[in-house]
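Below is one structure, written out as structure tokens; comments come after it.
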Amino acid sequence: MEVIVNDRRRIGHVDHIALIGNFLPRKCGLATFTTHTFNALRERFPDLQVDVYAMDDRGTYDFPPEVIRAIPQDDRLAYSDAARAIEESGAQAIWVQHEYGIYGGVAGDYLLALLERVTLPLIVTLHTVLERPSEDERRVMNALLRRSSRVIVMAERGREILEHVYDAEPKTIAMIPHGVPNHPFADPDDFKARFGWDGRKVVLTFGLLAPSKGIETMIEALPAAVAHVPDLLYVVLGATHPNLVAHEGEAYRDRLKALAHDLGVGNNVAFIDAFVEQDELIDYLQAADLYVTPYTNPAQITSGTLSYAVGVGKAVISTPYVHATEILADDHGVLVDFGSSAGFAREIVRLLSDDDSRRHLSERAYARGRTMIWPRVAEAVVDQIDAAVAATPRRLAPTRHALTLLAPNLDAVERMSDGTGMLQHALYSVPDRRHGYCIDDNARALILMTQIEDLADDVRDRWTTIYASFVQHAWNADAGRFRNFMNFDRTWCEETGSEDSNGRALWALGMVARDAQMGKHRDWARSLYDQTAALAFELGSPRAEAFAMLGAAAMLDIRPDHAIARRTLAEFGDGFLKLLGSARRPEWQWFEIVLAYDNARLPQALLRAGVALERDDLIACGLDTLGWIIARQTSPDGRFRAVGTESFGREYAEPMPFDQQPLEAQATIDACAVAFAATNDPRWVEEAWRAYRWFLGVNDLGTPLTSPQDGGCFDGLMPGGINRNQGAESILALQLASCAISALSKLAGPVAKPERAVA
């Protein structure tokens, strides 16, 4: 009685998914399950693309072509790489096979690092649901449940535990049984000759050998059973669990053999040390008269071997673990107490002595198995995936109004500022005084005061003076460096600040010296720049040098004979060319072997230097590298995608999509504005608008980062949404970006209209 599955249907909502789990040839039950799941989906829904991401605990598996990528279990960065690959693959959903022990980190929490980095709806199948989890196991499970759109369990008890122990949302949970092959009901005697079992009554246990399988219980039951059924053969099929082999070799198998010998049943036990594939396993199962699972763990919710035995119609005797109590309920199998050798002996003798009872039980099991065949399971899973994708809110394109230029707005800047300067961080929109101030943000705020238009003179004067005073007070003449961090009580946290903070201070001084509207501020900035500019030659960080170059270029605009500024541009420009020559590869046209923050500042600085020094080589290099980094910052669908913070420090690696920071969009706009001024090429106007629209919601999440009513900006774009804090860096990035795009629009004229660049 084989079930024939016809009526193939096309997928309604989904035609491409990512599947994460173990995969053959890795030898474990989960690898077998994931592989069979993949095959079932491919056969049932040939139009469904399934990309397999296989967990790898050794690095030596020869995975088949279906495996798009192997994820080394203990390499945390590999999870982020996989997240990027999945996000860019075009997949519409992720289906994860979850089991403790196959993912790296504490309780497998590296998986969370992957899932936090993708925006796709998640469907997770839980192969273990712990009723008494450890603190870390509960933490990981709760995080999985929060992230999941649909959760699949293979037993109703799993649903109950999720609801009562983990407070899971009932409507997100689906019970889909473990799949089984679709094979006809068979007589065991037709298969025994293949294995040399003619004339024997065969009792079979299958699976990776480990103490949790309860094999001792069965061996101890054999003397009583053999006394009534002398031709009984107990077959223990399966390789020893790899983890056990790594720990003690085959000592456990040897102990079991010794136990059988000591009990006088050595000739009634056959150990087959092999990891068998599905077709061979089915033959073994069909050759058995009885199947037994004497497992010791009452909480075991899934047993693929039990499902397979039921699927081919075996009379089953089992201990009452969760999966067995459900699948064998209503007289579909026999349950005996845990550790009860007498119970197993009694039921084995009864069923092997009564052919009618055994066949009746086998037929009932087979009938239940028809509800679990792989095509039915595949259909049920696809229904859950379709539902998850259908329930995911669609990204709405921002309205036409949202794509227009935001007028610069000082409200949020003033909210974050006081008589000392601009505070660094905020909790939501409320300044967080615990972190005090830094020269980085006050230098940026000082630049903003020179760029923002339509500001009352008294307001501009007040805030320019406050931010300038912070920069001036930060100068430590004894050390020849600027300080950076200041506590809220106005005490400095250090005597010298970072290289980047010193570079930004020089940049701000150059900008104020050139662009401040009031002469008193220009005079102050020129004086302090002259005192401090030589520190630039002590800098070694490319970004710090780029910031110093931008300040030097501004100084040369007003004082073409400024020797230190000219030397800064010339030496650092040549240094950038050498950096590019050292780090460059055919696919990597960048100054460093890694990406970091504020990337576009490097080509921007080269372009400014090239124009100021009239050096075509610097201009050409700046344009080439700006084009290269912009290509890295463009998503497959053409949106601006800021290089995510998880990308930092990864050698010669494509950038990760999250977490995206406003600083990157602002830097790109500034660099493109400089490129347009140098070339008059409208391409750079288009790219600048692409980056600006990132603030407005034309981004990977379709979510605006701005609060236009007060000029605020959220701190970043995360896989699950925006970081709703509004710190100084983000607010200033938005306001400076608005100033830059406004100035570029006036310079470029008609080509600068945002409508031309809508993605």
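Could you please tell me which pairs satisfy a Cβ distance under 8 Å, a separation of 6+ or placement on different chains, a first residue in the range 637-657 that is within 13 Å of Met718 (Cβ to Cβ) and open to solvent by 20 Å² or more (accessible area, probe 1.4 Å), and a second residue that is at pLDDT below 85 and basic (Lys, Arg)?
What qualifies is Glu646/Arg117.
May I ask you to list the residues in the range 47-95 that are farther than 14 Å from Ala18 by Cα, in contact with a Lys or Arg (Cβ under 8 Å, 6 or more places away or on another chain) and in a strand (DSSP E or B)?
Asp56, the sole residue that qualifies.
Please specify each residue of the range 703-715 satisfying the condition of being crowded, with 22+ Cβ neighbours inside 10 Å, part of a strand (DSSP E or B) and out of contact with any Pro (no Cβ under 7 Å at 6 or more places or on another chain).
Once the filter is applied, which keeps residues that are crowded, with 22+ Cβ neighbours inside 10 Å, part of a strand (DSSP E or B) and out of contact with any Pro (no Cβ under 7 Å at 6 or more places or on another chain), the range 703-715 yields Thr706, Gly712.
So which of Ala667, Ala691 is surrounded by 23 or more Cβ atoms within 10 Å (Cβ to Cβ), among the aliphatic types (A, V, I, L, M), closer than 26 Å to Leu580 by Cα and touching a Lys or Arg at 6+ places or on another chain (Cβ under 9 Å)?
Numbers: Ala691 fails: touching a Lys or Arg at 6+ places or on another chain (Cβ under 9 Å).
Matching residue, one of Ala667, Ala691: Ala667.
Out of Asp557, Asp561, report the one residue that is over 41 Å from the mean Cα position of the chain (by Cα), of a type outside the set (Val, Ile, Thr) and outside any helix (DSSP H, G or I). Outline the logic, then answer.
Details: Asp557 fails: outside any helix (DSSP H, G or I).
Sole residue among the options that is over 41 Å from the mean Cα position of the chain (by Cα), of a type outside the set (Val, Ile, Thr) and outside any helix (DSSP H, G or I): Asp561.
Got a sec? Which of Tyr291, Tyr252 is over 30 Å from Glu160 (Cβ atoms) and open to solvent by less than 20 Å² (accessible area, probe 1.4 Å)? Talk me through it step by step, then tell me what you get.
Details: Tyr291 fails: over 30 Å from Glu160 (Cβ atoms).
Going through Tyr291, Tyr252 in turn, just one is over 30 Å from Glu160 (Cβ atoms) and open to solvent by less than 20 Å² (accessible area, probe 1.4 Å): Tyr252.
Hey, Gly104 hits all of (1) open to solvent by 10 Å² or more (accessible area, probe 1.4 Å); (2) on the phi < 0 side of the Ramachandran plot; (3) in a loop (DSSP other than H, G, I, E, B); (4) of a type in the set (Gly, Ala, Ser) but one; which does it fall short on?
(1)
Ala329: out of contact with any helix residue (DSSP H, G or I) (no Cβ under 8 Å at 6 or more places or on another chain) and assigned to a loop (DSSP other than H, G, I, E, B), yes or no?
Details: out of contact with any helix residue (DSSP H, G or I) (no Cβ under 8 Å at 6 or more places or on another chain): yes; assigned to a loop (DSSP other than H, G, I, E, B): yes.
In short, yes.
Can you tell me which of Arg462, Arg526, Arg543, Arg514 is basic (Lys, Arg) and under 18 Å from Cys438 (Cβ atoms)?
Values: Arg462 fails: under 18 Å from Cys438 (Cβ atoms); Arg526 fails: under 18 Å from Cys438 (Cβ atoms); Arg514 fails: under 18 Å from Cys438 (Cβ atoms).
Only one candidate passes the filter, namely Arg543.
Need at least 1 residues that are farther than 22 Å from Tyr529 by Cβ and touching a Leu at 6+ places or on another chain (Cβ under 8 Å) per element, so show me which helices (runs of 4 or more DSSP H) inside the range 404-495 make the cut, counting only ones lying wholly within it.
411-415, 457-474
Is there a residue in the range 55-69 that is modelled with pLDDT under 90, among the basic types (Lys, Arg) and within 18 Å of the chain's Cα centre (by Cα)?
The answer is no, given that none of the residues of the range 55-69 is modelled with pLDDT under 90, among the basic types (Lys, Arg) and within 18 Å of the chain's Cα centre (by Cα).
Can you tell me how many residues within the range 583-611 are more than 25 Å from Ser730 (Cβ to Cβ), aliphatic (A, V, I, L, M) and open to solvent by less than 30 Å² (accessible area, probe 1.4 Å)?
4
Could you run through the range 207-228 and say how many residues are surrounded by fewer than 19 Cβ atoms within 10 Å (Cβ to Cβ) and in contact with a strand residue (DSSP E or B) (Cβ under 9 Å, 6 or more places away or on another chain)? Before you say what the answer is, go through the steps one by one.
From the range 207-228, those surrounded by fewer than 19 Cβ atoms within 10 Å (Cβ to Cβ) are 210-212, 216, 223-224, 227-228; that's our starting set.
From what is left, the residues that are in contact with a strand residue (DSSP E or B) (Cβ under 9 Å, 6 or more places away or on another chain) are 210.
Residues that pass the stated criteria total 1.
Out of the strands (runs of 3 or more DSSP E) lying entirely within the range 140-232, which hold 1 or more residues that are of a type in the set (Ser, Thr, Tyr) and under 46 Å from the mean Cα position of the chain (by Cα)? Working first, answer last.
Working: elements: 150-153, 173-175, 201-206.
Once the strands (runs of 3 or more DSSP E) in the range 140-232 are filtered for at least 1 residues that are of a type in the set (Ser, Thr, Tyr) and under 46 Å from the mean Cα position of the chain (by Cα), what remains is 201-206.
So, in the range 26-39, of the ones that are in contact with a Gly (Cβ under 8 Å, 6 or more places away or on another chain) and surrounded by 23 or more Cβ atoms within 10 Å (Cβ to Cβ), which residue ends up nearest to Val382 (Cα to Cα)?
First pass over the range 26-39, keeping only residues in contact with a Gly (Cβ under 8 Å, 6 or more places away or on another chain): 29-34, 36-37.
Restricting the remaining residues to those that are surrounded by 23 or more Cβ atoms within 10 Å (Cβ to Cβ) gives 33-34, 37.
Details: Phe33: 16, Thr34: 15, Thr37: 11 Å.
So the residue we want is Thr37.
Do you know which of the residues in the range 564-581 that are within 20 Å of Tyr597 (Cα to Cα) and either more than 36 Å from the chain's Cα centre (by Cα) or of a type in the set (Gly, Ala, Ser) (or both) is surrounded by the fewest Cβ atoms within 10 Å (Cβ to Cβ)?
Step one: list which residues in the range 564-581 are within 20 Å of Tyr597 (Cα to Cα), which gives 572-573, 575-577, 579-580.
Checking which are either more than 36 Å from the chain's Cα centre (by Cα) or of a type in the set (Gly, Ala, Ser) (or both) leaves us with 572-573, 575.
On the way: Phe572: 24, Gly573: 23, Gly575: 14.
Only one residue tops the list, namely Gly575.
Among the residues of the range 302-322, what is the count of those that are crowded, with 24+ Cβ neighbours inside 10 Å and farther than 27 Å from Asp189 by Cα?
Looking only at that region, the number is 2.
Quick one: in the range 445-503, of everything that is of a type in the set (Gly, Ala, Ser) and over 40 Å from the mean Cα position of the chain (by Cα), which residue is nearest to Asp411 (Cα to Cα)? Before the answer, list the steps.
Applying the first criterion (of a type in the set (Gly, Ala, Ser)) to the range 445-503 yields 445, 456, 468-469, 474, 477, 479-480, 497-498, 501, 503.
Keeping just the survivors that are over 40 Å from the mean Cα position of the chain (by Cα) gives 456, 468-469, 474, 477, 479-480.
Numbers: Ala456: 13, Ala468: 19, Ser469: 21, Ala474: 25, Ala477: 34, Ala479: 36, Gly480: 35 Å.
The selected residue is Ala456.
Quick one: which of Gly503, Gly497, Gly436, Gly421 is on the phi > 0 side of the Ramachandran plot, of a type outside the set (A, V, I, L, M, F, W, C), in contact with a Lys or Arg (Cβ under 9 Å, 6 or more places away or on another chain) and surrounded by 19 or more Cβ atoms within 10 Å (Cβ to Cβ)?
Values: Gly503 fails: on the phi > 0 side of the Ramachandran plot; Gly497 fails: on the phi > 0 side of the Ramachandran plot; Gly421 fails: in contact with a Lys or Arg (Cβ under 9 Å, 6 or more places away or on another chain).
Residue meeting the stated conditions: Gly436.
Got at least one residue in the range 613-636 being in a loop (DSSP other than H, G, I, E, B), of a type in the set (Gly, Ala, Ser), open to solvent by less than 20 Å² (accessible area, probe 1.4 Å) and touching a helix residue (DSSP H, G or I) at 6+ places or on another chain (Cβ under 8 Å)?
Going residue by residue through the range 613-636, those that are in a loop (DSSP other than H, G, I, E, B) are 614-615, 633, 635-636.
Still in the list and also of a type in the set (Gly, Ala, Ser): 635.
Going one step further and asking which of them are open to solvent by less than 20 Å² (accessible area, probe 1.4 Å), we end up with 635.
Filter once more, so that each one left must be touching a helix residue (DSSP H, G or I) at 6+ places or on another chain (Cβ under 8 Å): 635.
Yes, the range 613-636 contains a residue that is in a loop (DSSP other than H, G, I, E, B), of a type in the set (Gly, Ala, Ser), open to solvent by less than 20 Å² (accessible area, probe 1.4 Å) and touching a helix residue (DSSP H, G or I) at 6+ places or on another chain (Cβ under 8 Å).
Can Ser527 be described as hydroxyl-bearing (Ser, Thr, Tyr), surrounded by fewer than 20 Cβ atoms within 10 Å (Cβ to Cβ) and part of a helix (DSSP H, G or I)? Please lay out each step first, then the result.
Values: hydroxyl-bearing (Ser, Thr, Tyr): yes; surrounded by fewer than 20 Cβ atoms within 10 Å (Cβ to Cβ): yes; part of a helix (DSSP H, G or I): yes.
Answer is yes for this residue.
Go through (1) open to solvent by less than 60 Å² (accessible area, probe 1.4 Å); (2) of a type outside the set (Val, Ile, Thr); (3) more than 23 Å from Phe695 (Cβ to Cβ); (4) touching a strand residue (DSSP E or B) at 6+ places or on another chain (Cβ under 8 Å) one by one and return the number of the condition Ala426 breaks.
Only one criterion is unmet by Ala426, namely (3).
The values are calculated or read from the model by the stated rules, or taken from the named source; none is laboratory data. The shown structure was predicted, so the numbers you read here are calculated from the model rather than taken from an experiment. Positions of Cβ are generated from backbone atoms using ideal geometry, with glycine treated the same way; all protein chains shown enter the neighbour counts. These accessible areas exclude ligands, DNA and RNA; they are computed on the full protein's heavy atoms, side chains included. Shrake-Rupley method; radii C 1.70, N 1.55, O 1.52, S 1.80 Å.
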